[in-house]
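Peer 1: Got a structure for you, questions after.
The values are calculated or read from the model by the stated rules, or taken from the named source; none is laboratory data. Values in this document were obtained by computation on a predicted structure and should not be read as measured data. When we count neighbours, we look across all protein chains shown, and the Cβ atoms used for this are built from the backbone with ideal geometry, even at glycine.
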Amino acid sequence: MREFLNYIVEISSRFDETLKGPVLIVTHYDSDGLSAGSIMAMTLYKLDIPFHLTVVSQLTESVLKNLPKYPYVVFTDLGSGYLGVVSKAIKTNVLILDHHIPSGAEAEKRILHINPHLFNLDGATEVSGAGVTYFFSKMLLGADGWLASLAVIGALGDLQDKNRERKLKGLNSLIVNDAEEAGYLQVEEDLIFFGRETKPIHKAISSSIEPYIPGLSGREDLVLQLLIKNGIEVMSEERWRVLSDLSPEEKEKVFAAILDHMISLGIDISQVPPLIGHVYTLVREARLSPLRDCREFSALLNSCGKLNRHGLAVAVCLGERGSLFREALELSSTYKKTLGEALEKVVSIPGGIQDRGSFLLIRGEGLVDERLISSLVSILSTSPPYNVDKPLIGYTSIDEKNYKISARSSNPKLNLSRIIGKASESVSGMGGGHEMAAGAIIPKKKFQLFLKNVERLLST
């Protein structure tokens, strides 16, 4: 860890020495990428360096070729998986701040490359793209509570809290400390249901997918009955109470009531995802705001990114709380509805989900927009009956010639980044990512060969 941080000090010094003229920031369109891009934008703004920020869904030769020409290009939350392509397409100075598994040729000298995997640190669990960008920013500006908070939001959006404690660990914990010490962030153990700052208690529990609660998930009426039966006041002064309104004693009652419910159904509690975990609260945000809980903040950014409204997400990251923030809230509702409709289509049509033996194949072609396929596969991978011990691989059209591939697995030993990367490369595509989450772009005409290669790699 210390070697990695020392390396960032060295690279930040070289960046400062070679920086001439304005900077082009290129970042990914998900919540981690949007957080990372915003951190870099604010850093350059504070250094009085002109910049332009552009957001992309993936790096391809055509995307790189069409980027505006700048004397310095900074990639955040992407780039490591496409070193050869970047080197070929961009001939000016380049800085890559990424956490995905590197692949391709070794970076040229003019390409400054910061990635935790180069130091045997896990970019899927220890630090996100926003986290790498924050550490780089910290070397230039010093610790910054808000930028650290954005890095926490990015890490949670990248699902780096997927452990029994639902806690950010490794390098992420250093970022959490910076945000806490600056008075921006509060961390505590609490009920882990999404919407703890905004949703009525019964809605937060009944809409929960992770943890999924048999007999209660999807049943607002039964959850409401359970709460009232156990003496939980669900309303206060003519508004529905939210989970963050509850006293510690009330939370213990809710926790016990849910456990009793599952035991009554004969469920093995040891196999149920934890109901208690670490929650990350931005204490300077307004009560009942979706920006107060870091996981909800991250979801809002993701909605904007997936619906191609990147400017709204960046504006919120940089402090906008007026009309643009309200527009982002409306967009979040649209995103949830659109994603829900896509899920319904996929699970209801014959052949929407196929068991291919070694993996489940999710058909998105004609059903799911390319910007939604990764979210859809992620949701299915944690939802019964699809959360099986097999990878899920989804596909949908990007254009007439190419498919976008999104893959998820609960088994880190598979190393999806290697499997999807090799299978896509074998059909003249491009792919990579993390051990349990990966993606690719492949030619449609070679799709069946790609699937055969995936099957072969999964069996070896």
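Peer 1: On the basis of being charged (D, E, K, R), surrounded by fewer than 17 Cβ atoms within 10 Å (Cβ to Cβ) and either within 22 Å of PRO116 (Cβ to Cβ) or over 22 Å from the mean Cα position of the chain (by Cα) (or both), does GLU455 make the cut?
Peer 2: Values: charged (D, E, K, R): yes; surrounded by fewer than 17 Cβ atoms within 10 Å (Cβ to Cβ): yes; either within 22 Å of PRO116 (Cβ to Cβ) or over 22 Å from the mean Cα position of the chain (by Cα) (or both): yes.
It is true that GLU455 is charged (D, E, K, R), surrounded by fewer than 17 Cβ atoms within 10 Å (Cβ to Cβ) and either within 22 Å of PRO116 (Cβ to Cβ) or over 22 Å from the mean Cα position of the chain (by Cα) (or both).
Peer 1: List the pairs whose first member sits in the stretch 382-404 and is over 20 Å from ARG356 (Cα atoms), whose second member is of a type in the set (A, V, I, L, M, F, W, C), and whose Cβ atoms are under 8 Å apart, counting only residues at least 6 apart or on separate chains?
Peer 2: ILE398/ILE441; ASN402/ILE441; ASN402/ILE442
Peer 1: Give the residues of the stretch 52-72 that are polar (S, T, N, Q), part of a loop (DSSP other than H, G, I, E, B) and within 24 Å of the chain's Cα centre (by Cα), sorted by residue number. Write out each step before concluding.
Peer 2: Within the stretch 52-72, the subset polar (S, T, N, Q) is 54, 57-58, 60, 62, 66.
Remaining after also requiring part of a loop (DSSP other than H, G, I, E, B): 57-58, 60, 66.
Selection gives SER57, GLN58, THR60.
Peer 1: Just checking, how many residues over the stretch 163-202 are among the charged types (D, E, K, R) and without any contact (Cβ under 8 Å) to a residue 24 or more places away in the chain?
Peer 2: Counting residues in the stretch 163-202 that are among the charged types (D, E, K, R) and without any contact (Cβ under 8 Å) to a residue 24 or more places away in the chain gives 1.
Peer 1: Just wondering, is there one or more residues in the stretch 222-244 that are surrounded by 18 or more Cβ atoms within 10 Å (Cβ to Cβ) and small (Gly, Ala, Ser)?
Peer 2: Yes; the residues of the stretch 222-244 include at least one that is surrounded by 18 or more Cβ atoms within 10 Å (Cβ to Cβ) and small (Gly, Ala, Ser).
Peer 1: If a residue counts only when it is assigned by TED's automatic domain parsing to the domain that holds VAL454, acidic (Asp, Glu) and more than 20 Å from LEU457 (Cα to Cα), which strands (runs of 3 or more DSSP E) contained entirely in the stretch 353-400 have at least 3 such residues?
Peer 2: none
Rundown of residues vs (1) of a type in the set (D, E, K, R); (2) at pLDDT 95 or above; (3) over 21 Å from THR382 (Cβ atoms), yes/no style:
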{"residue": "PRO211", "(1), (2), (3)": "no, no, no"}
{"residue": "SER236", "(1), (2), (3)": "no, no, yes"}
{"residue": "ARG239", "(1), (2), (3)": "yes, no, yes"}
{"residue": "ASP260", "(1), (2), (3)": "yes, no, yes"}
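Peer 1: Another question, if that's okay. Find the residue count for the stretch 195-245, including only residues that are in a loop (DSSP other than H, G, I, E, B) and touching a strand residue (DSSP E or B) at 6+ places or on another chain (Cβ under 8 Å).
Peer 2: Here the count works out to 7.
Peer 1: If you don't mind, there's one more thing I want to ask. Could you please find all residues in the stretch 7-34 being in contact with a Ser or Thr (Cβ under 8 Å, 6 or more places away or on another chain) and under 18 Å from ILE114 (Cβ atoms)?
Peer 2: Passing the criteria: LEU24, ILE25, VAL26, THR27, HIS28, ASP32, GLY33.
Peer 1: Right, another one. Going by the structure shown, is VAL279 within 26 Å of GLY215 (Cα to Cα), surrounded by 14 or more Cβ atoms within 10 Å (Cβ to Cβ), assigned by TED's automatic domain parsing to the domain that holds ILE209 and within 18 Å of the chain's Cα centre (by Cα)?
Peer 2: On the way: within 26 Å of GLY215 (Cα to Cα): yes; surrounded by 14 or more Cβ atoms within 10 Å (Cβ to Cβ): yes; assigned by TED's automatic domain parsing to the domain that holds ILE209: yes; within 18 Å of the chain's Cα centre (by Cα): yes.
So VAL279 passes the test.
Peer 1: Of the residues that make up the stretch 420-438, is at least one of a type in the set (A, V, I, L, M, F, W, C) and either in a helix (DSSP H, G or I) or on the phi > 0 side of the Ramachandran plot (or both)?
Peer 2: yes
Peer 1: Please go through the stretch 192-223 and pick out each residue that is among the aliphatic types (A, V, I, L, M) and within 21 Å of the chain's Cα centre (by Cα).
Peer 2: Answer for the stretch 192-223, where residues must be among the aliphatic types (A, V, I, L, M) and within 21 Å of the chain's Cα centre (by Cα): ILE192, ALA204, ILE209.
Peer 1: List the number of the failed condition for LEU34; all other conditions in (1) closer than 25 Å to ASP399 by Cα; (2) among the hydrophobic types (A, V, I, L, M, F, W, C); (3) not in a helix (DSSP H, G or I) hold.
Peer 2: Condition not satisfied by LEU34: (3).
Peer 1: Only one of VAL94, VAL86, VAL55 is touching an Asp or Glu at 6+ places or on another chain (Cβ under 9 Å) and either touching a residue at least 24 places away in the same chain (Cβ under 8 Å) or over 21 Å from GLN160 (Cβ atoms) (or both). Can you tell me which? Lay out the reasoning, then the answer.
Peer 2: Values: VAL86 fails: touching an Asp or Glu at 6+ places or on another chain (Cβ under 9 Å); VAL55 fails: touching an Asp or Glu at 6+ places or on another chain (Cβ under 9 Å).
On inspection, the qualifying residue turns out to be VAL94.
Peer 1: Also, I was wondering about something else. Going through the stretch 410-452 one residue at a time, which ones are surrounded by fewer than 24 Cβ atoms within 10 Å (Cβ to Cβ), small (Gly, Ala, Ser) and either within 15 Å of ILE362 (Cβ to Cβ) or not assigned by TED's automatic domain parsing to the domain that holds GLY366 (or both)?
Peer 2: ALA437
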